[in-house]
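Participant: This is the structure, below, for whatever I ask next.
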Amino acid sequence: NSKRKKIYEGKAKILYEGPEPGTLIQYFKDDATAFNAQKKATLEGKGVINNRISEFVMSRLNGIGVTNHFIKRLNLREQLIREVEIIPLEVVCRNIVAGSLATRLGQEEGTPLPRSIIEFYYKKDELNDPMVTEEHITAFNWANTQEIDDILATTVRVNDYLCGMFGAVGITLVDFKIEFGRVWENDFSRVILADEISPDSCRLWDTATGEKMDKDRFRRDLGQVIENYTEVARRLGIMKDMP
Ligand code: C5P
């Protein structure tokens, strides 16, 4: 663990050199940050739960043909992933008004959207991840038009699948953030889903009660963060081996 070369350390995860060329190890920390790291805490066990939830979701997506970086889970906190050239965008998909959409446009949280909204943010901490359009993305060569089309099509598929998957266990998928990376095969590249999908990157509301089961519990000091993440895992039928 300690002798492996660290490639990158983010707020909630660390990437280490993998066992094979073209692979990396993604390590899930217990650290939680919000508001661009202005709010910080350690939530005991969060990394373990997110590793499992992300494994579950990414495997399911692989199963329906949404190619992604996940290869296999290695242990409680680590998974083997394919190395990608990360595209510096956060792709947010929204089904119900919440969070920054509610604040920025003065709309009431909880209002269902007639059509899902997909937004792009430029991943740049110093700039607070500003929202950008396709024109900005192509102007600055963060992705080309074909890649943007692929990202949009994949995001719609991920949203449809996850709405059904969570819906089946009484959880409403309000919104989520995903990231993509480029993989090279000979002289050709394609974009695949990367990073993680977990209660840190999704808004998940209990369909019956409206209770928040995601990172907003941390952001808004609602308490019982781990209990809710664990409940998400339990409903998905994972971590049966955990207390
Ligand atoms: O804050 P906002 O309403 O824009 O977030 C939309 C969705 O994207 C939420 O599910 C949030 O958890 C996720 N997100 C994220 N990482 C960020 C920003 C937002 O996972 N840096």
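Participant: Hey, how many Å between the Cα centroid of the range 190-243 and the Cα centroid of the range 48-95?
Facilitator: 15
Participant: Tell me, rounded to the nearest percent, the portion of alpha carbon pairs in the range 101-243 spaced more than 19 Å apart.
Facilitator: Values: 6167 of 10153 pairs.
Counting pairs separated by more than 19 Å, the tail of P(r) holds 61 percent.
Participant: A follow-up question, please. Can you quote the Å³ per residue value for the convex hull of the Cα atoms in the range 1-137, rounded to an integer? Could you put the intermediate results ahead of the total?
Facilitator: Details: hull volume 22.2 nm³, N = 137.
Spelled out: Cα convex hull of the range 1-137, divided by residues, is 162 Å³.
Participant: Could you tell me the relative contact order of the range 6-82? Use alpha-carbon pairs under 8 Å, at least six residues apart, and round to a whole percent. Intermediate values should be presented prior to the final figure.
Facilitator: On the way: 130 pairs, mean separation 20.6, N = 77.
This gives 27 percent for the range 6-82.
Participant: Normalising by the residue count of the chain, find the relative contact order in percent from Cα pairs under 8 Å and 6+ residues apart. List each step's numbers first, then the result.
Facilitator: Numbers: 427 pairs, mean separation 41.9, N = 243.
The value is 17 percent.
Participant: Subtract the Cα-Cα distance of N128 and D150 from 0.36 nm times their separation in residues, and report this length gain in nm to one decimal.
Facilitator: Numbers: separation 22, 0.36 × 22 = 7.92 nm, distance 2.55 nm.
Residue separation times 0.36 nm, minus the Cα-Cα distance, leaves 5.4 nm.
Participant: Determine the relative contact order of the range 86-224: mean sequence separation of Cα pairs under 8 Å and six or more apart, normalised by residue count, in whole percent. Can you show the working numbers first?
Facilitator: Values: 212 pairs, mean separation 30.5, N = 139.
RCO, the range 86-224: 22 percent.
Participant: Same structure, new question: Once the dipole of the chain is set up with Lys and Arg at +1 and Asp and Glu at -1 on Cβ about the Cα centre, which of L152, L162, N128 lies farthest towards its positive end?
Facilitator: Farthest towards the positive pole: L162.
Participant: Could you give the semi-axes, largest first, of the ellipsoid that matches the range 83-128, computed as the square roots of 5 times the alpha carbon gyration tensor eigenvalues and rounded to whole Å?
Facilitator: Details: eigenvalues 124, 38, 8 Å².
The equivalent ellipsoid of the range 83-128 has semi-axes of 25, 14, 6 Å.
Participant: Now for a different question. Run the numbers for A168 and I117: contour at 0.36 nm per residue of separation, minus the present Cα-Cα distance, in nm. Before the final figure, lay out the partial values.
Facilitator: Details: separation 51, 0.36 × 51 = 18.36 nm, distance 2.22 nm.
So the chain would gain 16.1 nm between A168 and I117.
Participant: Students often forget the sequence filter, so: which lysines lie under 17 Å Cα-Cα from K72 once same-chain residues fewer than 8 apart are removed?
Facilitator: K13
Participant: How would you rank 94-103, 125-134, highest first, on the average number of other Cβ atoms within 10 Å across their residues? Walk me through the numbers on the way to the answer.
Facilitator: Values: 94-103: 16.9, 125-134: 12.1.
Ranked by mean Cβ neighbours within 10 Å, highest first: 94-103, 125-134.
Participant: Modelled label-to-label distance, A37 and H136, 7 Å Cα→beta-carbon offset: nm?
Facilitator: Placing both labels 7 Å beyond Cα along the Cβ direction yields 2.1 nm.
Participant: Where does the chain land at 222 nm, in deg cm²/dmol rounded to the nearest 500, when only DSSP H runs of n ≥ 4 count, each adding -39500 (n - 2.57), divided by all residues? Intermediate values should be presented prior to the final figure.
Facilitator: Numbers: 6 runs with 70 residues, N = 243.
Result for the chain: -9000 deg cm²/dmol, rounded to the nearest 500.
Participant: Counting only protein heavy atoms and using a 1.4 Å probe, what share of the accessible area of the chain belongs to carbon plus sulfur, as a whole percent? Can you show the working numbers first?
Facilitator: Working: 6200 of 12140 Å².
Whole-percent figure for carbon plus sulfur exposure: 51.
Participant: Hydropathy first: keep DSSP H helices in the chain averaging at least 0.5 on Kyte-Doolittle, then drop any whose Cα extent along the axis falls short of 27 Å, and list what survives. Walk me through the numbers on the way to the answer.
Facilitator: Details: long enough: 145-167 (32 Å, 0.19).
Helices meeting the criterion: none.
Participant: Here is a further query. How much accessible area per residue does the chain have, in Å², with a 1.4 Å probe? Intermediate values should be presented prior to the final figure.
Facilitator: On the way: 12140 Å² over 243 residues.
Per-residue value: 50 Å².
Participant: Could I ask something else about it? From the cross-link list K3/K29; K215/K240; K11/K40, which pairs have alpha carbons spaced over 20 Å apart? Don't skip to the end; give the middle numbers.
Facilitator: Working: K3/K29 18 Å; K215/K240 22 Å; K11/K40 9 Å.
Check vs 20 Å cut-off fails for K215/K240.
Participant: Let me ask another. Which value, in debye to the nearest 20, describes the size of the charge dipole of the chain about its Cα centre when Lys and Arg Cβ atoms bear +1, Asp and Glu Cβ atoms bear -1, and nothing else is charged?
Facilitator: Working: 34 positive and 38 negative charges, 147 e Å.
Taking the Cα centre of the chain as origin, the dipole is about 700 debye.
Participant: Kindly provide the Kirkwood hydrodynamic radius of the chain in Å, to one decimal, from all pairs of distinct alpha carbon atoms. If you can, show how the numbers build up before the last one.
Facilitator: Numbers: mean 1/r = 0.0540 Å⁻¹.
Across the chain, the inverse of the average 1/r is 18.5 Å.
Participant: Could you order the peptides 193-201, 142-150, 38-46, 20-28 from most to least packed, using the average number of other C-beta atoms within 10 Å per residue? Write out the running numbers ahead of the final one.
Facilitator: Working: 193-201: 24.9, 142-150: 15.4, 38-46: 13.7, 20-28: 17.6.
Listed from highest to lowest mean packing, they are 193-201, 20-28, 142-150, 38-46.
Participant: So, taking all protein chains as they sit and a 1.4 Å probe, how much accessible area belongs to Y161, in Å² rounded to tens?
Facilitator: So the heavy atoms of Y161 present about 60 Å² to solvent.
The values are calculated or read from the model by the stated rules, or taken from the named source; none is laboratory data. Since the model is a prediction, treat every value here as computed from it, not as a measurement. Glycine also receives a Cβ, built like all others from the backbone with ideal geometry; neighbour counts cover every protein chain displayed. Quick note on the areas: whole protein, heavy atoms, side chains included, nothing else; ligands and nucleic acids left out. Shrake-Rupley method; radii C 1.70, N 1.55, O 1.52, S 1.80 Å.
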